[in-house]
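Trainee: Here it is, the structure, as structure tokens.
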Amino acid sequence: MGKRNFSMAARRAGLVGGLVAVAAFVAPAMASAAAVTTTSLTGCGGKVSADPGAKAAGEPNLLDYTFSCDTGITAYTIIVDQQGDGAAGGTLDDYNPSPSVFETDGVTPSPTESITCEGTTPSDGINCNTGTQGVQLTDGYVVDGSVDPIQAYCKHLPTTAGGKLAKPGTAAVPQAQVQLIVTDYTGAEDGPFDLGPAKACAKVPNVVPTPKPKPKKKSRGKSKTTSEAKARRGAARR
């Protein structure tokens, strides 16, 4: 009898252990099925423009960027690409580490919200965030920062190290492309969004043009008529 009871107890224990094992096996699958996938819902828009104080600051290529998004964001990345710029290691050599944050009117500074940016230079971009995990920028608030491309943002003709135009036929450096990628309040990444120029760039030829030949100087030799008149005046004086 005792032996039978032991067998039944053992079978019960084995059954319970099997159920626990099955539960342990099923639980992760259920947890995985219940996980929520983040969805990209944020829309952003903005512009870039030449910094008005760039020349005075000794940074002629300094470029301001401004943007806003229709939902809260916690971080963003600015990427600058300019094919043919000849830069070793990246397009940017400097950036503003503390962009300004304005309310939705784009004029009133936010009293509580701020942004911090970081990155290596030279590089092709910078990463920025609110500085505190989980803290987000208010919907529609405007971010105003700057990056410093190694070459001019607009399409331009390349120059030599001495500042002279490259040889005729050399391709022009195209307009840079500035893009924005944001992390929204759900943790999803949104973008890239193109940040186009606030003011259209001047038109530039596709290649360095061949210089026009200089016109030949006209001879200033004395005319025959003038020489004869002088000869007659000399004979009359005699």
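Trainee: As an exercise: evaluate A54 against (1) under 16 Å from the mean Cα position of the chain (by Cα); (2) modelled with pLDDT under 90 and give the number of the one condition it does not meet.
Mentor: Condition (1) is where A54 drops out.
Trainee: Check every one of the strands (runs of 3 or more DSSP E) wholly within region 108-178 and list those with 2 or more residues that are of a type in the set (A, V, I, L, M, F, W, C).
Mentor: 125-129, 142-149
Trainee: Just one of I126, I115 is at pLDDT 95 or above, surrounded by 19 or more Cβ atoms within 10 Å (Cβ to Cβ), over 23 Å from Q82 (Cα atoms) and of a type in the set (V, I, T); which is it?
Mentor: Matching residue, one of I126, I115: I115.
Trainee: Still on this model: Checking the conditions here, which among A75, A56 is hydrophobic (A, V, I, L, M, F, W, C) and closer than 23 Å to D190 by Cα?
Mentor: A75
Trainee: From the list G191, G140, which residue is surrounded by 15 or more Cβ atoms within 10 Å (Cβ to Cβ), of a type outside the set (S, T, N, Q), at positive phi and modelled with pLDDT of 90 or more?
Mentor: Exactly one residue qualifies, and that residue is G191.
Trainee: Among the residues of region 69-107, which ones are under 15 Å from the mean Cα position of the chain (by Cα), of a type in the set (S, T, N, Q), surrounded by 15 or more Cβ atoms within 10 Å (Cβ to Cβ) and part of a loop (DSSP other than H, G, I, E, B)?
Mentor: Within region 69-107, Q82, T91, N96 meet the criteria.
Trainee: So, in region 100-132, how many residues would count as being touching a residue at least 40 places away in the same chain (Cβ under 8 Å) and under 17 Å from V182 (Cα atoms)?
Mentor: 9
Trainee: Given the condition under 18 Å from N129 (Cα atoms), modelled with pLDDT of 50 or more and not in a loop (DSSP other than H, G, I, E, B), answer yes or no: does some residue in region 21-44 qualify?
Mentor: yes
The values are calculated or read from the model by the stated rules, or taken from the named source; none is laboratory data. What you are looking at is a predicted structure, and each value in this text was computed from that prediction instead of being measured. All Cβ positions, glycine included, derive from the backbone under ideal geometry; neighbour counts span all protein chains shown.
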